[in-house]
1. Give the residue that is farthest from the other protein chains (Cβ to nearest Cβ), with candidates limited to residues of the stretch A:1-46 that are closer than 21 Å to A:ALA102 by Cα and among the small types (Gly, Ala, Ser).
2. Is it the case that the stretch A:148-163 has a residue that's away from every other protein chain (no Cβ under 13 Å) and under 16 Å from the mean Cα position of the chain (by Cα)?
3. For the stretch A:110-223, which helices (runs of 4 or more DSSP H) that fit wholly inside it have 2 or more residues that are in contact with a Ser or Thr (Cβ under 7 Å, 6 or more places away or on another chain) and not aromatic (Phe, Trp, Tyr)?
4. Output the number of the condition that A:VAL167 fails; it satisfies all remaining conditions of (1) within 21 Å of B:SER5 (Cβ to Cβ); (2) buried (at least 18 other Cβ atoms within 10 Å of the Cβ).
5. Going through the stretch A:164-190 one residue at a time, which ones are under 25 Å from A:TRP219 (Cβ atoms), touching a residue at least 24 places away in the same chain (Cβ under 8 Å) and over 12 Å from the mean Cα position of the chain (by Cα)?
6. Among the numbered criteria (1) at pLDDT 95 or above; (2) among the hydroxyl-bearing types (Ser, Thr, Tyr); (3) more than 30 Å from A:ILE204 (Cβ to Cβ), which single criterion is violated by A:SER10?
7. Going by the structure shown, is A:GLU116 buried (at least 19 other Cβ atoms within 10 Å of the Cβ) and touching a residue at least 12 places away in the same chain (Cβ under 8 Å)?
8. Would you point out the residue of the stretch B:71-98, among those that are aliphatic (A, V, I, L, M) and at the interface with chain A (Cβ under 7 Å from one of its Cβ atoms), that is surrounded by the fewest Cβ atoms within 10 Å (Cβ to Cβ)?
Amino acid sequence: MPRLVNIRRSVFEEDRRNAEAVREELGRRGVLLVNLIGSPGAGKTTLLEATLRKNTERPETRRFRCAVIEGDVATSRDAERIAALGVPSVQINTEGGCHLEAHLVRKALGALPLGEVDLLFVENVGNLVCPAEFDLGEDFKVAVSSVPEGDDKPLKYPHLFHLVRAVILTKTDLAPYVRFSPERFWGDVENLNPSARRFLVDSIQGDGLEEWLSGLDEWLEEKRRR
Amino acid sequence: MHELSLVEALCKELLQQGQEQGWARVTRIALRVGEMRQVVPDVLLFCFDVASKGTILEGAVLDIVPVPLLWTCRECGNVWPGDAACALCPNCGAVRTELQEGAELEIDFVEVEDFGESPEEATKECRSCQDW
């Protein structure tokens, strides 16, 4: 006869253990881990490049020491773009996998000079669905959505937009050329996640980057105060 | 197709438990799935069929138990069932609200068969220990 076994356990139990290990290590070292999630082509890598460049223009006392973990299905192009800026980076290839998982991030930490890092970005695989499901041990997730993708993304992908601490709207310079209603986009964000911080960024011209960096200042300070 | 990612995590978790606890076969899985997860049940079932092939999970009935959304307001304590599109408290309009239920992806229970129960498993068991 079959017998009943109570489990009452998340499907992500193993993942949770790895995520906790990442969180514990980065907590001890005071490193802020930010998990960037957006569609392919939303401008995640370009946003990171612009953020890293803008960071080097800051006075030395206010400059973050950054590192990046790049997640892609294939190629090391993104990590090469980051490395070209002199920032330590690790590429994870998921070889078909549509998202990163905590054990991959945990392994990648070993390849980074964590003792000399304040801010660690993870650029997740381009996808608005699966990456939202997986805890990588990050301090928080950030949704990156671009103007040409349309104003309906928050409502179509509510799980992601509900989870994030911040929403970054990129490619704001394209607004005159596409049909995009900021009222609808931000209205839906407000309803799904009223406390999410909002940023408007044009990574090419540099608009909005200072606000984004100031947000990161606050979050890092808050983490280190704890 | 995030259903396949979810199913992979589900199978990994159960296969590990099965190995630790020596299950011969899993015949039923009760899975609580929160509405916020946007899981399409048919797709989940299809992925499960594919992913479970050749394992102790093959042929198990996957019961998907939907969990509707339930919000709580951290300002006024109001609790309300809602849809995914609005997290504002309908009572006081507060933004400090929490999703109390609806994000689950939890294995509630499983039905398992232990070794030695079905005739073919019994034979297998005895052959492996050679104590017939």
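1. The selected residue is A:GLY30.
2. no
3. Details: elements: A:130-133, A:153-156, A:158-163, A:182-192.
The qualifying helices (runs of 4 or more DSSP H) are A:130-133.
4. Unmet for A:VAL167, out of (1) within 21 Å of B:SER5 (Cβ to Cβ); (2) buried (at least 18 other Cβ atoms within 10 Å of the Cβ): (1).
5. Those that are under 25 Å from A:TRP219 (Cβ atoms), touching a residue at least 24 places away in the same chain (Cβ under 8 Å) and over 12 Å from the mean Cα position of the chain (by Cα): A:LEU169, A:THR170, A:LYS171, A:THR172, A:PRO182, A:PHE185, A:ASP188, A:VAL189.
6. With (1) at pLDDT 95 or above; (2) among the hydroxyl-bearing types (Ser, Thr, Tyr); (3) more than 30 Å from A:ILE204 (Cβ to Cβ) applied to A:SER10, the lone miss is (1).
7. No.
8. B:ALA85
The values are calculated or read from the model by the stated rules, or taken from the named source; none is laboratory data. Given the structure is predicted, the values throughout are model-derived calculations rather than measurements. Here the Cβ is made from the backbone with ideal geometry for all residues, glycine too, and neighbour counts use every protein chain on show.
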